[in-house]
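Values in this text are rule-based calculations from the coordinates and carry no lab data. In this text, all values refer to a predicted model and were calculated from it rather than measured experimentally. Glycine also receives a Cβ, built like all others from the backbone with ideal geometry; neighbour counts cover every protein chain displayed.
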Amino acid sequence: MIATFFGQDALSSNAAFVLSLLLGFGFGFALEQAGFGSSRRLAGIFYFRDMTVLRVMFTAMVTAMLGLQLALVLGVVSADQVYFLPTIYGAQIVGGLLFGVGFVLSSWCPGTAAVGLASGRLDALIFLGGAALGSILFNEMYGFVAPLASWGDSGVKFAWASLGMSGPVFALLFATVAVAAFWGSEWIEKKVAGTGPYLGSPFLKAFSVTILVAAFAVAMLPPTASTRPSEAALLQAMDAGEDHIDPDELADRLMAGDASLLVVDIRTPAEFAAFHIRTAVNVVAADLTEFLAPHKNRGIIVLYSNGMTHPAQARDALARLGFNNAYILTDGLRGFMEQILKPVSLRTAPLSARQAAKVNAWRAFFLGGATAPAPVPVGDLPRLVETGWLQQHLGRDDVRIIDVRPQPAYNGGHIPGSVRMDPEHFRGVIGGVSSMLLPAEMIARQLGLLGVTPQTMVILVPSEKVHDATLIAIALERVGHTRYAILNGGWEQWLAEKRPVDTALPLITATTYPTPAGPDNFTVDYRTVLAHSQRRTAVLIDVRPAEAFTGKKSDEARAGHVPVAVNRPFTSDVSTTNGVSRFLPVSELAAAYAKLIPSADSPVIVSCRTGHQASQAFFVLRHLLGYRNVSWYDGGWSEWSSRPELPVETPASSG
């Protein structure tokens, strides 16, 4: 399978540049051969005298479309290796109208103007000069036109999906339209100009047959495993029982404290509240994809309901989305109760003393004489808890309170049952860059020493520096631990309300926290930031203080900021009154960030000096405001300014 430059995040590499240059020369040569070096010939389409533009453009679109569809169907390339242009209705409609007016007036577009310039056309030079000036004007006025540039942003949309058909069927339909357009353009050209050189020619007939045969092949060939999960593989796994986990195995592993298990109850909240398997979390089917995203191919996900139908459907849907670690509980909750929780005295088959002891141990663990307490809910956004909530949950085994204050402050008094953890213990030197978030396996080791399992609800208690808590939060994100919250107001709020305080150290039993299989999906490096900066394809938010952003104050290798980045200091997200630091109301945060970010799906990258303060912006955007495409540049200005090849912008350089 082909790994593309886009899929490898190598679009800025030398090899990509050389290949792009060669393709550009080839494209220009093809346009010149097609007659696109002459504005007179290009303008002929408006008078139906020369339909070259239509023929060439339709040929290019059909060739690219069929080539890509064949590559996907045959498994030569996978869809995640291809960049699909997002649909931005307003911007693209306005841009199309402007482009059309420019083409009518000049008979040039940027690509054909470059070809015309290579052929020595003076009018092409004038057009290219105007296009360059327009680009500069757009750049200088971006603050005003940014809403237009993202107006109607709907993400990636495919025409065939909107029409209720598959991609291959749409390709066949479009190819048929293209062939009709080829013949129609020849007929029109012959009627108006008396030319139509290809009308009825053997070439046009052969070309049309080739296009239609390729389109039929795309529509008829069965998809390979690279284009969609194999139904045969799903059926084979089902037949072999590889998608199941039996009740006794699940019970034994839960009793042994297996931290790799995430048990998910997909019944209604009312059913879950009435009774559920101990340690299970309640997630309705509609929310499964979003909730389980951090656990994709990390550990083992066990889905259950009363029976097996709904979990099996959910498991198959997850498999099609690339989840290879989702299983269903054999015979569902009914089977679990029958095999694990049914008293020995009510069983029809006689049990040995050993088997009876096993059943009694299961019942003691999962019932304990009563229904086991429900795990602490993660809840909906925002992911903040108040002091009253935390006091109600003190002493629970499935809650771990982490105090991020300095050691002397913790020793002098802390929330009962809390442990102290320095945020810097989750950072180190990675690739020569200091203060980088540690690899997932090292973070998992730290969490295990804290007695944390994937089912543990972690409560982070900050002091006046809220970003100390969000730095540990982003470490939890790296290992896929979603069950955490931050105490709003932190230690100072707790103390001001005269809530319980202790100086004793808690007893902790170390666990083995599972290490995720792959990298997280939110950390980006300087190459990604550079690409987005150059293409203006993401909102870059620098949360350092204003004087550091502008370059007036600097203690790094160079002063300034990443080009096109905007500044919103991290201190703007919190308010401090009488020493108590709390996040601003969500409505105020939403209004402030809406001025910087076009929509909830817009790509956003947050950064600061070393990633510490930016972790707070990440938390605010993703968990308090619900932005869905937020990334975090860990290296920050400390790394960027130390790399001389990377561009730097200051007020002087941008003015």
Between residue 427 and residues 5 or more places away or on another chain, which pairs have amide H atoms under 5 Å apart, with H built 1.01 Å from N, and which residues are they?
438
Counting only DSSP beta bridges with both residues in the chain, what percent are antiparallel, rounded to the nearest 5?
20 percent
Phi-derived 3J(HN,Hα) across the stretch 344-361 with the Karplus relation (6.51, -1.76, 1.60, θ = phi - 60°), rounded Hz, x for Gly and Pro, is 4, 5, 9, 7, 6, 7, x, 10, 6, 4, 5, 5, 5, 4, 5, 4, 5, 5
With θ taken as phi - 60° and the coefficients 6.51, -1.76 and 1.60, list the Karplus ³J(HN,Hα) couplings across the stretch 285-293 in order, rounded to whole Hz; mark glycine and proline as x.
4, 5, 9, 4, 4, 5, 5, 8, 3
At a 10 angstrom cut-off on C-beta neighbours, averaged per residue, how do the peptides 296-302, 602-608, 410-416 rank from highest to lowest?
602-608, 296-302, 410-416
For residue 548, what charge total do you get from the other residues with a beta carbon under 10 Å from its beta carbon, if Lys and Arg give +1 and Asp and Glu give -1?
0
In order over the stretch 503-518: 3J(HN,Hα) from phi, Karplus 6.51/-1.76/1.60, θ = phi - 60°, whole Hz, x for each Gly or Pro, gives 10, 6, 8, x, 8, 10, 9, 5, 10, 10, 7, x, 8, x, 6, x
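Please report the antiparallel percentage of DSSP beta bridges with both residues in the stretch 384-496, rounded to the nearest 5.
Percentage antiparallel, nearest 5: 20.
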Over the chain, what is the relative contact order in whole percent, taking alpha-carbon pairs under 8 Å and six or more residues apart?
10 percent
What number, rounded to the nearest 500 deg cm²/dmol, is the helix-based mean residue ellipticity at 222 nm of the chain, given -39500 (n - 2.57) per DSSP H run of at least four residues and division by all its residues?
-13500 deg cm²/dmol
For residue 328, other-chain or 5+-apart residues with amide H closer than 5 Å (H placed, Pro excluded) are 244, 245, 303
Highest mean packing first, using Cβ neighbours within 10 angstrom, the peptides 436-448, 383-395 sort as 436-448, 383-395
Label assignment, semi-axes √(5λ) of the Cα gyration tensor in Å derived from the structure, set (1) 44, 28, 24; (2) 55, 36, 19; (3) 52, 28, 25
(2)
Residue 523's amide H: which non-local residues (gap 5+, or another chain) put their own amide H closer than 5 Å, with H modeled 1.01 Å from N in plane and none for Pro or chain starts?
632
